[in-house]
Amino acid sequence: MYPLLVYFILYQFSAKIFLAIVPPSLGRLFALFLAAWVTYPAIFAIYRKVPIVRGENLFSRKDLKLDVSLILLIVVVGVLVNVLISHTPLVDMSEAYKHANKELYDGAIWVKLITNCLMIPILEETLFRGI
């Protein structure tokens, strides 16, 4: 729980600070990028001292085609479910969805790509793989 607590406190605190000081012209997502940038070194430092435990190799070359196909299928199903949900009345009723949607699609395209496709996933993978 310790790493999750550090992540939560540090990310939320720095996000609030950056949301207050980043100019609106850069977008709210840029503030979240900066919060992730500040949080990552702390999470990395926590796990750097933890001994590495290697599991068994679950993937083999002969199963690669099936594995890639299943990953692509899951991605397609996820995108389709998201599109379906976005066309239901739930979207209009959910303030949390509106807020998350506003945050994730705010700012310039380069900010969206770097934040949503690189920085946040790297931070999450470091946090949860470490746990």
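The values are calculated or read from the model by the stated rules, or taken from the named source; none is laboratory data. Since the model is a prediction, treat every value here as computed from it, not as a measurement. Positions of Cβ are backbone-derived with ideal geometry, glycine not excepted, and every protein chain shown enters the neighbour counts. These accessible areas exclude ligands, DNA and RNA; they are computed on the full protein's heavy atoms, side chains included. Shrake-Rupley method; radii C 1.70, N 1.55, O 1.52, S 1.80 Å.
A compact table of results
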item: Within the chain, longest stretch free of exposed trypsin sites (Lys or Arg not before Pro) [DSSP loop, at most 13 other beta carbons within 10 Å]; result: 55-131
item: Residue among Ile74, Ile17, Ile109 with the largest mean-square fluctuation in a Gaussian network model of the chain, springs linking Cα atoms under 10 Å; result: Ile74
item: Contour excess over end-to-end distance, with Cα ends at His87 and Tyr2 and 0.36 nm allotted per residue; result: 26.7 nm
item: Spin-label pair Asn57/Gln12, simplified geometry with 7 Å Cα→Cβ offset, distance in nm; result: 4.2 nm
item: All-pairs alpha carbon distance profile, the chain, 5 Å steps from 0, percent; result: 2, 9, 13, 15, 16, 16, 15, 9, 4, 1, 0
item: Accessible surface of the chain, 1.4 Å probe, proportion on carbon and sulfur as whole %; result: 71 percent
item: Under 21 Å from the Cα of Lys102 - lysines, other chains or at least 8 residues apart; result: Lys16, Lys112
item: Percent RCO, i.e. relative contact order, over region 1-86, from Cα pairs under 8 Å lying at least 6 residues apart; result: 26 percent
item: Neighbourhood charge, 10 Å Cβ-Cβ cut-off, centred on Leu32 and excluding it, Lys, Arg +1 and Asp, Glu -1; result: -1
item: Computed [θ] at 222 nm, deg cm²/dmol, the chain (DSSP H ≥ 4; -39,500 (n - 2.57); rounded to nearest 500); result: -22500 deg cm²/dmol
item: Stretchable slack from Leu80 to Asn101, in nm (0.36 nm times residue separation minus alpha-carbon distance); result: 5.9 nm
item: Residue with peak Gaussian network fluctuation, the chain [Cα springs, cutoff 10 Å], from Asp63, Asp106, Asp92; result: Asp63
item: Accessible surface, per residue, of region 1-62 when the full set of protein chains is kept, probe 1.4 Å, Å²; result: 78 Å²
item: Centroid-to-centroid separation of region 1-44 and region 65-82 [C-alpha atoms, Å]; result: 30 Å
